[in-house]
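These notes concern the structure reproduced below.
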C-alpha cells in the first residue's frame, strides 16, 4: 500500500517538475520527488542510502539549485515559446521510448522475482561501511580527488 | 667444359656494371680497356666452348630454377650446341672488333658519355648472348627484350638531337609490335605443350601433323616477332632510321648481330617451321619481297649509312628466303658471312665519316681512294663479298640460298637473282661515288682528310680477311668442297632434314645458275663503276627515281594509315571521353558531395535540444531494431 | 513486491526526465531533469540489490550479496554532486555572458 502511494507521489511530482512554469516550483516538486524516492529506499530497508539521498540531493544539491535560480532572479522570465513542433516531437519520442522499454522488458525472465522489503541487513551502515573501506577503498579515495577537482573547477569557472 | 658457359654472358654483364656505375670516375682509356677486355674474355670462353661442342659435348646447362608454378617449370638454362656456339663466336668476335674500333671512333666524346656508350654496348652483348644461349623461349625473350632496349638506348645515344630520339622511339615501338607476337606465341606454346623448353617443345611438336593449325598459328606469331627484330616487311622501317646511332653501333647491332636474332630464332625453331609449310611460304614470300623492296630503295639513297641499312634489310630478306625454303644451314651461313662483310662495310663507312668530319652524304665525297688507302681496300673487299663474286664469302652463302630457292620454285630464284644484281649495282654505285672520281667536298675537309688510327684500321683488316675467306667453310659439294658448316650444324637441323624432300638439282643446272647470277652481278658492277666514277648523280632524282629516293613513300603510307588515325582517336578520347566523360564523372562526384553536404549542414542547427532529440530517436530506433526486427 | 514494479517505476521516471530535457529550454530545468534520471537509475539499482540478496539469502542467511549495487548508488551520488557543482558554475558563467539561461542561445556548436 505504501509502495503505491510513494510511486504515485514520485511520478506525479516528477511530472510537475517538467510541466510547472516557474523554476522555483520545479525545484520544490523535485524535492518532493526525491523524498518519495527516499521513502522507497526506506521501504527497501536501505537506510544509509535513504539518509544520504536526503542530505546530498534534497539538501545540498537542491539548495544549490535554489540559490542559483534565486540569484538569477528568473521568476518573471517566462521563456518565449519554443518551437511547438520540437516540443511535440520531444513528448512523442519520450513516450514511445517508454512504450518500447516496457514492451521490451515485460517478458524477461527475472520479471516475477521477489524483492525483499523491510528486512535484510545489507542496506545498513554497518555492512556498507565495512565493504566501502575494504573492497572499495581505492575508488572511494579517487572520488575524493574527483571532488577536489570539481571544487577547483567550479571556483575557476565561477571567478571568470 | 660446357659448365663454363655462364662465364660468357657474365663478363659483359660485369663490364656493363663497372662502366655503368663508374662512369663519372673512370678515365676514357680504362673504360675502353674494360669494355673491350670483357668481350675478349667472353670470346675466349666462346672459343673453348666451340671446340668443346665440336668434340661432341653439346647439351643443356641448367643454372637455377627461374619460374616454377604448378606444372610449368622454366629453368634458367643455357643451350650449348652447334647453332648457339656459332652465334657466340660471331657475337663476341665481331663484337670485340667493334669495341676496339669504338675506342677510337668515339674518342671525341667526354669520358662520362664515353663510359655510358661502352656500358650500353656491353649490356647489348650480354642481352644478345642471353638470347642466343637461352634453352627456352623465356630466356630467349629476356635477351630479345634486352637487345631491343639496348638498341633503343644506343640509337638515341645523342639524346639531345630530337630526330635521333624519335628514331630511337620508332625502333622501340616497331620492335614492341614484333615482341607482342613473340609473347603471344610463347603463351600459346605453354598452353599447347606445357613447357617452354626447346627440347620438350620440339620433341612434342615433331609428333604433330603437318600444317597443324596450332603450329601454323604459333609459327606465324613467332615470325611476327622476327619481322620486328629483323626488320622485314611490314616492320622494317625502323632499321634505316636506326642509323641515327653511332656508326659502330650500326655495325654491331643493326647489321651484324641483333637483326639476325629473328633468323636465329627461326633456325632454332626449325622443326616447328618445317612442320608448318604454310608459314614457310609466308616467310619465303615476305623475305623475298623485303629483299627486292629494300634493294630498289637502296639504289637511290645518298646517305652512306642509309644505303648500307637498306642493304642490310635486303640481305636479311635473303636469309628469310633461305629459312622459308628450308635452307636453314644456308641462312645461318649467310648470317655469318653477312656479319663479317656488313660489319666491315659499316666500319669502313664509319672510317669515311670520321675522315669527312661527320659528313654522310656521298654526293659530297668522291676520290677518297688516295687519302684512305686501308679503308678503300677493305671497303672494296666488302663490296665484292656482298655482291656475290667468287671466291669471297658472300658468293657461297648467297648461292646456297638461291640454289635452295630454285629447287623450291623458279620464280623465287629469278626474283632472288634480280635482287642480287641490284645489290651489286647499288653497292658499287656507293663505292664508285665515294672512293673514285674527284673530291667534291669543301677545301677545309680536303685539307683534313686522313686515314683513321690503328684502332680503327686493324678491325677493318681483320674483318676484311674474314669476309674474304669465311666462305670456304661452306663450299658446296658441286664445287668440290665438303660443306663443313653443314656437317657441323647437322645435329640441330636433323629433325627438319628428315621431313624435307628436296629435289636434287643436277650439277649442270647448278653450274648454270651460279654462272648466271655471277655474270649478271659482274655486269651490274662494271656498269655501276663506269657510270658513277666519272659522273655521279648529284641532283635529286626525278620521276620513278624520286619514288625510290623517298623509299616508296612507305613511311608516309604508315603515317597516313596508322599514325594519323591513331592520333585522331587519341584526340577524340582526350577531348571528348576524357574531358566530358571521365572528368565529368570525377567533377560530378565532387559536385554531388558538395551539394549534399550543403543540404546536410542544415541539420547542424547548433541547438542542444535538437541534438538530444536526434540522440533519443536514434536510441529508440536501436531498441526497436534490436527487439522487434532481429 | 516483484522487481517489475520497480522496473516500470524507474523507466517511467527516466522517460519523464527525457521528456523534460527535450521539451524545456531552461538550462536549469534540463539539469534537474538529468538529476531525475540519475535517481531513477539509483532506485533501480537498489531494487536489484535487494532482489539478489533475497535470492542468495535463501541458500545462506548470512550473505551480503547485493552490497555492491548499493555502493554503486553511493558512487553515483558522489559523481552527481560533483557534476552539479561544475554544471551550475557553468550555468552561472553562461548567464553572466548572455544574460539568459535559454538553451537555444547556446548554438555556438554550429560554428
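Laboratory data are not the source of any read-out in this text; all were calculated from the coordinates shown. What you are looking at is a predicted structure, and each value in this text was computed from that prediction instead of being measured. Cβ placement follows ideal geometry from the backbone for every residue including glycine, while neighbour counts extend to all protein chains displayed.
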- request: Provide the FRET efficiency to the nearest 0.05 for the residue B:210-residue B:7 pair, computing r from the beta carbons and using R0 = 30 Å.
  value: 0.15
- request: Calculate how steeply helix C:3-23 sits against the longest principal axis of the alpha-carbon atoms of chain C, using the helix alpha-carbon long axis, and give the answer as 0 to 90 degrees to the nearest 10.
  value: 0
- line: Taking 0.36 nm per residue of separation between residue B:450 and residue B:303 and subtracting their Cα-Cα distance, the length gained on full extension comes to 50.9 nm
Value of relative contact order over region B:1-135, rounded to a whole percent, pairs C-alpha under 8 Å and six or more apart: 39
message: Between residue B:203 and residue B:54, what's the calculated FRET efficiency when r is the beta-carbon distance and R0 is 25 Å? Round to 0.05.
response: 0.55
Difference of contour (0.36 nm per residue) and Cα-Cα distance, residue B:594 to residue B:622: 7.1 nm
Structure-based [θ]222 nm, chain C - -39500 (n - 2.57) summed over DSSP H runs of at least 4, per residue, nearest 500: -28000 deg cm²/dmol
message: Could you check the spin-label model distance between residue B:29 and residue B:557? Points 7 Å from the Cα along Cα→Cβ, value in nm.
response: 5.4
- prompt: Expressed as a rounded percentage, what relative contact order does region C:3-110 have, with Cα pairs under 8 Å and six or more residues apart?
  reply: 27
- prompt: For the pair residue B:587 and residue B:68, how long in nm is the line joining their label points, each one 7 Å along Cα→Cβ?
  reply: 5.7
- request: State, as an integer percentage, the relative contact order of chain A based on alpha-carbon contacts under 8 Å between residues 6 or more apart.
  value: 23
field: Gained length - residue B:370 relative to residue B:409, 0.36 nm times residue gap less alpha-carbon distance
entry: 9.5 nm
- line: Over chain A, the sum of -39500 (n - 2.57) across DSSP H runs of at least four, divided by residue number and rounded to 500 deg cm²/dmol, gives at 222 nm -23000 deg cm²/dmol
query: Helix B:111-133 sits at what angle to the longest principal axis of chain B, using alpha carbons and giving 0 to 90 degrees rounded to 10?
result: 90
message: Which residues does the label zone of residue B:380 cover in region B:409-446, counting backbone N under 20 Å from a point 7 Å along Cα→Cβ?
response: B:424-440
- prompt: Based on the Cβ-Cβ distance from residue B:21 to residue B:479, what FRET efficiency comes out when R0 is 51 Å, to the nearest 0.05?
  reply: 0.45
- request: Please determine, in degrees from 0 to 90 and to the nearest 10, the orientation of helix B:583-600 with respect to the longest principal axis defined by the Cα atoms of chain B, where the helix direction is its Cα long axis.
  value: 10
- line: Taking a crude spin-label model, label points 7 Å out from Cα along the C-beta direction, the residue B:358 to residue A:91 distance in nm is 9.7
statement: Asserting the computed 222 nm helical MRE of chain B (DSSP H runs at least 4 long, -39500 (n - 2.57) per run, divided by residue count, to nearest 500) equals -23000 deg cm²/dmol
